[in-house]
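A.B. asks: Here you go, one structure.
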Amino acid sequence: MADFDQELDASGLNCPLPILRAKKTLNAMDAGQVLHVVATDPGSVKDFDAFAKQTGNELMESKEEGGKFHFLIKKG
Amino acid sequence: MEEKKLAIIATKGSLDWAYPPFILASTASALGYETQIFFTFYGLQLLKKKLALEVTPLGNPGMPMPMGMDKWFPVLGLALPGMQAMMTTMMKKKMKDKGVASVEELRDLCQEAEVKLIACQMTVDLFDMNQADFIDGVEYAGAAAFFEFAGQSDICLYI
């Protein structure tokens with residue numbers, strides 16, 4: 001997994017909390033910085049994809065590892 | 001890109017139906033939508049400082065019941081005293097166990113994200129409700145005010 005500037009553990013949280021927490025964290029970050037989100041909600045895979053497309057942030061990576069979902073989002 | 005707009009009318013005042021307006025409004029805000037929710041009739045219960053929302057299995061054949069009760073339990077049994085309170089307690093526990101946010105939490109997130117919450121003034125008068133019972137930041141208006149925003153909205157939902 002590539003480098004990241006900040007990490008958010010959204011494990012155990014259900015829709016729409018992972019997205020809302022990610023958005024809040026991104027708000028406090030600078031453009032170009034990368035956020036690593038860890039989630040356990042299977043719905044978050046499509047949701048983070050949709051979130052990135054609609055907000056101008058880039059979803060650099062989305063993968064499942066060890067029963068958890070990992071997302072790398074670069075702030076646009 | 002011009003900001004998109006979402007207008008929601010929330011008409012229901014039960015625990016289960018409290019979720020769609022607040023989930024959609026908070027998520028829309030995170031996606032950059034300007035969002036308003038217009039609360040009317042029973043929907044006004046969602047704006048109370050102290051929420052006392054319940055869920056009822058009565059008249060709701062789609063509600064999954066614990067222990068397969070929906071399969072063998074007589075419909076009339078659902079009207080027994082205490083049944084609604086029990087179902088509400090079980091639903092809240094289930095939501096907590098599954099990491100689903102509470103209604104209060106989602107409502108706070110909406111306010112934090114500057115979702116505009118508008119209470120129907122007519123309903124407040126009709127049910128002799130007291131503005132002091134509602135959370136801060138609520139605006140009071142009527143149908144015309146709703147259309148001013150809804151008329152320019154990209155998405156308009158009646159819940």
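A.B. asks: (1) among the charged types (D, E, K, R); (2) away from every other protein chain (no Cβ under 14 Å); (3) on the phi < 0 side of the Ramachandran plot: which one isn't true of B:ASP128, the others all being true?
C.D. replies: (3)
A.B. asks: Here's a follow-up. Just give me the residues in the range A:59-76 being closer than 24 Å to B:TYR33 by Cβ and either in contact with a helix residue (DSSP H, G or I) (Cβ under 6 Å, 6 or more places away or on another chain) or at pLDDT below 95 (or both), in sequence order.
C.D. replies: A:LEU59, A:PHE71, A:LYS75, A:GLY76
A.B. asks: Cβ contacts < 9 Å: first residue under 26 Å from B:LYS98 (Cα atoms) and facing another protein chain (nearest Cβ under 7 Å), restricted to the range A:3-31; second residue exposed (fewer than 13 other Cβ atoms within 10 Å of the Cβ) and of a type in the set (D, E, K, R), any location; separation 6+ or different chain. Result?
C.D. replies: Short answer, once both residue conditions are applied: A:GLY12/B:LYS98; A:ASN14/B:LYS98.
A.B. asks: Taking B:ALA52 and the conditions (1) within 14 Å of another protein chain (Cβ to nearest Cβ); (2) without any contact (Cβ under 8 Å) to a residue 24 or more places away in the chain; (3) within 13 Å of the chain's Cα centre (by Cα), which numbered condition does it fall short on, given that it satisfies the others?
C.D. replies: Here B:ALA52 clears every test but (1).
For (1) in a loop (DSSP other than H, G, I, E, B); (2) surrounded by fewer than 17 Cβ atoms within 10 Å (Cβ to Cβ); (3) out of contact with any strand residue (DSSP E or B) (no Cβ under 8 Å at 6 or more places or on another chain), each residue gets a yes or a no:
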| residue | (1), (2), (3) |
| --- | --- |
| B:LEU58 | yes, yes, yes |
| B:GLY77 | no, yes, yes |
| B:VAL124 | no, no, no |
| B:PHE146 | no, no, no |
| B:PHE149 | no, no, no |
| B:GLN152 | yes, yes, no |
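A.B. asks: Something else about it: Applying the selection to the range A:35-52, what residues are among the charged types (D, E, K, R) and away from chain B (no Cβ under 12 Å)?
C.D. replies: Once the filter is applied, which keeps residues that are among the charged types (D, E, K, R) and away from chain B (no Cβ under 12 Å), the range A:35-52 yields A:LYS46, A:ASP49.
A.B. asks: Do we find a residue being of a type in the set (S, T, N, Q), assigned to a helix (DSSP H, G or I) and either closer than 13 Å to B:LEU31 by Cα or in contact with a Cys (Cβ under 8 Å, 6 or more places away or on another chain) (or both) anywhere in the range A:57-68?
C.D. replies: no
The values are calculated or read from the model by the stated rules, or taken from the named source; none is laboratory data. Since the model is a prediction, treat every value here as computed from it, not as a measurement. Don't worry about glycine lacking a Cβ; one is built from the backbone with ideal geometry, like all the others, and counts go over all protein chains shown.
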